[in-house]
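Read the structure below first, then the notes.
The values are calculated or read from the model by the stated rules, or taken from the named source; none is laboratory data. Here the structure is a predicted model, which means the values were calculated and not measured. Ideal geometry is used to build each Cβ from the backbone, glycine not excepted, and the neighbour counts take in all protein chains shown.
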Amino acid sequence: MKTQSSIIKSFAIAMTLIALFVATSMQAAPQTEKSLYERLGGVFAIAAVVDHFSDAVVQNPIVGKTSKNPALREWHTKNLGRLPGLKFMRTLWVCQITGGPFKFSPTKPGKTELGLEEAHRNLKISPEEFDEVAAELGRSLDFAKVPAREKGEVLAAFAAHKNEVTAGHQAK
């Protein structure tokens, strides 16, 4: 009977060790990294940055209401009634491009799902003006205290669309 009891104890100890090993292995397994959307804080955090950014662009002397570019100057002085809708569209665009659950649906579709060339063509945005808008985005990300890694990823996603946004200027 002692032998059977010893076998049962040995079996129980072995099962406990196996359970501990499995539990430790599962804890040590790398977790799937969160999407940029999640790391930014989701739709509310993105909307706050877009709100700050959009207002800052209107005030920016290079690309806003005092811009030397007549199309940008006109948009930022005569079309501000559309700014709330634009903020909404920008928020959806950023949410989608960062891996979030929201779907951007352009009012003027580009060549790709997230293409921006048609929405910006008539504004004749120069590469230098695009760079200033990107700098304003960077300042808005800093204002919101977005960490450097995420800021870099957002700016890279934005910069990937530079040729689309400046297509109207290039077509002159």
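Annotations for the structure displayed:
- Candidates are the residues of the range 82-110 that are of a type outside the set (S, T, N, Q) and out of contact with any helix residue (DSSP H, G or I) (no Cβ under 7 Å at 6 or more places or on another chain); the one that is nearest to S67 (Cα to Cα) is R82.
- Single unsatisfied condition, L72 versus (1) closer than 30 Å to E33 by Cβ; (2) assigned to a helix (DSSP H, G or I); (3) without any contact (Cβ under 8 Å) to a residue 60 or more places away in the chain: (1)
- Qualifying residue in the range 54-69 (condition: assigned by TED's automatic domain parsing to the domain that holds G152, assigned to a helix (DSSP H, G or I), more than 19 Å from the chain's Cα centre (by Cα) and loosely packed, with under 14 Cβ neighbours inside 10 Å): yes
- Among residues of the range 134-172, those that are over 13 Å from the mean Cα position of the chain (by Cα), assigned to a helix (DSSP H, G or I) and β-branched (V, I, T), counted: 1
- Of everything in the range 84-98 that is touching a residue at least 40 places away in the same chain (Cβ under 8 Å) and not in a loop (DSSP other than H, G, I, E, B), the residue that is surrounded by the fewest Cβ atoms within 10 Å (Cβ to Cβ) is K87.
- Residue list for the range 99-153, filter: more than 23 Å from V63 (Cα to Cα), β-branched (V, I, T) and either touching a residue at least 12 places away in the same chain (Cβ under 8 Å) or surrounded by 16 or more Cβ atoms within 10 Å (Cβ to Cβ) (or both): V146
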